[in-house]
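Bear in mind that the values in this text are calculations on the coordinates, not laboratory data. Please read these numbers as outputs of a predicted model, since none were measured by experiment. So basically every Cβ, Gly included, is an ideal-geometry build from the backbone, and we count neighbours across all protein chains shown.
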Amino acid sequence: MMKAVIVDDEEWCLVELAEMLNETGMVEITGSYTCAHKAMQAAIRDAPDIIFIDVQMPVMSGLELAAKIKELLNKTCIVLVSEKECFARNAFDIGV
């Protein structure tokens, strides 16, 4: 089972994504965060297998968070979550 962290500034999105991931039976959610800084601290501490990150968040965007995590935890998979496909190119540019 993969250890996962989910990050989204909207609490309801965290709940929805957690429910979808739990239904797969392949993911253990070790943390869910509305704050990018807290998520980064948890990722460094727990080294999850995969992190699901909302692209549009206040203070630190999901792209910024993903780039920082990739620098520190290059084996952690990152999935960016967005309702807008225009962010896909930026995600590919940073390797997520």
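Descriptive notes on the structure:
- Length released on extending from residue 74 to residue 24, taking residue separation times 0.36 nm less the Cα-Cα span: 15.5 nm
- Diffusion coefficient, µm² s⁻¹, Stokes-Einstein with Kirkwood Rh over alpha-carbon pairs of the chain at 37 °C and 0.692 mPa s: 251 µm²/s
- Near residue 3, the amide H atoms lying under 5 Å from its own belong to 28, 49, 50; only residues 5 or more places off or on other chains count, and H is placed 1.01 Å from N.
- A run of the chain free of exposed loop cleavage sites, with GluC sites (Glu not before Pro) counted only in DSSP states other than H, G, I, E and B and at most 16 other beta carbons within 10 Å, reaches its longest extent at 11-82.
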